[in-house]
Structures are given as C-alpha cells and as structure tokens.
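Values in this text are rule-based calculations from the coordinates and carry no lab data. Please read these numbers as outputs of a predicted model, since none were measured by experiment. When we count neighbours, we look across all protein chains shown, and the Cβ atoms used for this are built from the backbone with ideal geometry, even at glycine.
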Amino acid sequence: MNNPGTPTFDQLRIFLAIVETGSFAAAGRKLGRAVSVISYGIANLETQLGLILFEREGTRKPQLTVAGRAVLAEARAVSQGIDGLRAKVKGLLDGLEAEVDFAVDVMLPAERLGRVLRTFATEFPTVQLRLHVEALGAITAMVLDRKAAIGLSGPLAAGVEGVECVAAGSVAMVPVAAPDHPLGRMARIAPGAGRDYTQLVLSDRSRFTEGHDYAVMSPKTWRLADLGAKHALLREGIGWGNMPLPMIEGDLVAGTLVRLAMPDHPGGIYRFAGVWRRDAPPGPAASWLIDQFVALGQQDREEAGLTDI
C-alpha cells in the first residue's frame, strides 16, 4: 500500500501558481521566487505525493497530467480554506471597520438603499461610508480590485472566481418608451417590431461585460453608462429600452412613459447579490449592510411571466 506524504501549504501555493500563470517562470514572478525555487518546490511536492503533476517534455508550457488535474481541485479547496481562515482571524483581530467602501448596482431601488443607509448611520456612527453606484459588471470588478470591500451586484457576479455571493432580492426590468414613440403608439406590437427602432442600452467598461450584450434585441443601439441619462432619453422618445420597474412607476402613472407589451421581449427579473472577496470577508459593519439587503430581498415578489435576465 502506498502512503503519500503530507505536502506543505507553500508547495500547494507553488503548484496553483504554475497552473494559474501557465509557466514556472510566471509563477516565480507572481510569488517573488526564483525559477529554480519553483522547480525545486514542485519536485518536492511530486516526491511527497508519489505522482507526476506536470508533463514537461515536448511542450513549451507545463501541462497537467491526469493525476495533476485530479490533485488540482483538492489543492484549490485547501488554499481557499486557508485564505478563509486567515481572513476570518484578521477580521476578528481588526474589530469594527473605520470605513466601508460599498459598491451598489444602479438598478437597486433608491428607496431601499436610502432606508438601509439611514439605519446604518444610526447603528454605526463611527464608521465612514464610501458609496459607489455602478452598473452591471463594474460592481464585481471593484470588489475584486479591492476598490470596494463589499458590493450589491446584479447577476453578473455569479460564478466569478474568488467572489462569494449571497442572494439579495430582485427587481423587474420592463420595456418602456415615450407615448409618442412609434412603439408607444402601437395598440398591438408584432413580434420582432423592437428590432426596427433604436434600443437604449445600459453599459459599463468592466472586463465582465466586454463583448457581451444582455437583454439587447435591436441591432440599432445607443449605449449609455448612466441610468439617469437613459431614463431622460426614453422620456424624450429617442428610443425604447428596459428599465427597473420601481424607477419608472411614476412615469407609467403620469403617462410620460408607457410599458410595451412586446410578445418576444416582455422584460425579465434582475437578481441582486451581496458580494465580497473570498479572501477578505466583510467586517461587522459591512456584514450588517449585506444582511439588511438580504433580509429585504426575501420580501420581494416577482412579477408573473418574467424570467431571469
């Protein structure tokens, strides 16, 4: 019976760095080590485990062997567990934050944001808050880049490596236009009619939305980075587009916008998530913020007939 040795955490870090960067030299640069140290660490790890983890011959870049691929998932789990342990202890040692950088999706209803932050000011009078209102993937990007400790993101945060997510409610996104827009004047909108008119589309510059469109139907688009500007242009009749229902309910009542009954584009459910880096869990004040939005999100009632965006 073969009994493998116990690898050190440093050996596992070297192994993961090679996988993530694609070469021994790049792993050395990432970890601040010489290439010889990286090679020595992997050789020792392979000796400890009794396995060959990388194919080194006949290829410019080290390729994982079958055994290496099997070990990879376990190595990542160990690394994440250690990162989580260290981050948790750091939070306990640091205590209450002096300030919290909080990135919020622009789709979040303003009334909900105001209600939570008003209570936050009372609960944590010594904690300064830096609020960033962003769109789409920019929230997750800020959290990953450590520009925000926590975020309240849309659905783009799901599945991003290194980010923890917790469901925090949703909002209905519905297509609207001005009453004098051609679509707004139609008693019955035929399937595909939206493609004939300019669609106003919210966009951002984050790496998570590069090359991707979400809920875009028309080949004719105007792209805006500001939801308020999109709202104003919709009211001017410049185009049609999707808006969070709470933001335009007053317009629907006043008649400055009309909801479009588009059979092939009825809108959708935009889900929120509280997000933070896995290696930097939120402190007491930031955790309180996340918990409040999660609790309020559990009260959301989704509109019938709409699916997830």
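Summary of computed values
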item: Efficiency of FRET between Leu72 and Glu302 - r from beta-carbon atoms, R0 35 angstrom, step 0.05; result: 0.35
item: Extreme residue, positive dipole direction of the range 233-309, given options Ala273, Gly250, Ile309 (C-beta unit charges); result: Ala273
item: Computed over the range 158-309, Kirkwood Rh from alpha-carbon pairs, angstrom; result: 17.0 Å
item: Rounded to 5, the percent of DSSP beta bridges in the chain classed as antiparallel; result: 55 percent
item: Rounded tilt (10° steps) of 9-21 against the dominant C-alpha axis of the chain; result: 50 degrees
item: Choice from Phe120, Phe102, Phe54 showing the highest fluctuation, given a GNM over the chain with Cα pairs closer than 10 Å; result: Phe54
item: Cβ-based charge dipole, the chain, positive-most Cα from Gly32, Thr221, Val176; result: Gly32
item: Estimated 222 nm signal from helices in the chain, with DSSP H stretches of n ≥ 4 weighted -39500 (n - 2.57), rounded to 500; result: -12500 deg cm²/dmol
item: Listed candidates (1) 130; (2) 122; (3) 190 - label of the one calculated as volume of the Cα convex hull per residue in Å³; result: (3)
item: Net charge dipole size for the chain [Lys, Arg +1 and Asp, Glu -1 on Cβ; Debye, nearest 20]; result: 600 debye
item: Lys pairs, the chain - Cα-Cα below 24 angstrom, 8 or more residues apart or on other chains; result: 6
item: About the Cα centre, charge dipole magnitude for the range 169-309 (Lys/Arg +1, Asp/Glu -1 at Cβ), debye; result: 240 debye
item: Whether the range 255-309 is rounded, prolate or oblate, judged on the alpha carbon gyration tensor where a/c under 1.5 counts as rounded; result: prolate
item: Pairwise label distance in nanometres, Ser23 with Ala261, each label 7 Å out on the Cα-Cβ vector; result: 6.2 nm
item: Cα-based helix-to-principal-axis angle, 66-94 vs the chain, degrees rounded to 10; result: 70 degrees
